[in-house]
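To start, the structure under review is shown below, and the notes come after it.
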Amino acid sequence: MGEKSVQKKRYIVEKARDVFMEKGFKKVTMKDIVEACDISRGGLYLYFESTSQIFMEVLRMESEEADDVFSDSITEDATAADILLLFLKEQKKELLRKKNTLTQATYEFYFENDLPKRDNILKKQFDSAVKIIEKLIEAGVDNGEFLCEDCEGTARNIMFVLEGLKISAQTIGVTAEAVDREILYLLRGLGVEE
């Protein structure tokens, strides 16, 4: 694919992301994306066959961007606790954001599509985050920042708590105080007094 084609495909994905944020996944049609991109239907089908295929690209792009933002925020002398706190702070911002979020669309997409495990980006992100948090906790235990006997289990628990908060944010709503309370509880479990 030439550079112009790569740019066009990225443009489509960026515009589609806005449409998915506004409407969720279930209500979006190829026509909606054609209109948002101001291209012909044939122009869209040149790159994508379905809204599902476009949404998978949106999720990939979101994942890459989130990784970049997080990586860029870590200072060279950051401790394991600093990095974990930064991660939790970023998660809190995402949880409390009311607009410009793909959470609803993501859940709709996964409820509607029974994807093989190898294609499940959400599961890959979850598993990857567990591994990263596990390594952070292990490093923190090694240098005396954390107290933890089961680093993998604790990392998995942190991710399940965050996932539960995401669902709550979309369904019953969560406050900043509620998120802070849950994060503080997680940190106390590691022996961190915030």
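Each reported figure results from applying straightforward, stated rules to the coordinates on display, with no laboratory input. Note that this is a predicted model, so its numbers are computed, not measured. Please note: Cβ atoms are built from the backbone with ideal geometry, for glycine as well, and neighbour counts cover all protein chains shown.
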- the chain: angle of helix 51-73 to the longest principal axis, Cα-based, in degrees nearest 10: 40
- Query: Looking at the square roots a ≥ b ≥ c of the eigenvalues of the Cα gyration tensor of the chain, which shape do they give, rounded for a/c under 1.5, prolate if a/b is larger than b/c, or oblate?
  - Reply: prolate
- When only C-alpha pairs under 8 Å and at least 6 residues apart count, what is the relative contact order of region 1-57, in percent? 39
- Partners for LYS92 among lysines (Cα-Cα distance below 25 Å; same-chain residues under 8 apart left out): LYS23, LYS123, LYS124, LYS131, LYS135, LYS166
- Here FRET efficiency (C-beta to C-beta, THR79 to LEU122, R₀ 35 Å, nearest 0.05) is 0.75
- Query: Does a label point 7 Å from the Cα of GLU3, set along Cα-to-beta-carbon, have any residues of region 19-59 with amide nitrogen under 15 Å, and which are they?
  - Reply: none
- Query: Expressed as an acute angle from 0 to 90° and rounded to the nearest 10, what is the orientation of the C-alpha long axis of helix 176-189 relative to the principal long axis of the chain?
  - Reply: 50
- Using alpha-carbon coordinates, inclination of helix 103-112 to the longest axis of the chain, degrees: 70
- Quick one: what are the phi-derived ³J(HN,Hα) couplings along region 143-149, Karplus 6.51/-1.76/1.60 with θ = phi - 60°, whole Hz, x for glycine and proline? 9, x, 7, 10, 10, 6, 9
- Task: Could you work out the relative contact order of the chain, using alpha carbon pairs under 8 angstrom and six or more residues apart, expressed as a whole percent?
- Result: 23
- Query: When the helices in the chain are scored as -39500 (n - 2.57) per DSSP H run of 4 or longer and the sum is shared across all residues, what 222 nm value do you end up with, to the nearest 500 deg cm²/dmol?
  - Reply: -24000 deg cm²/dmol
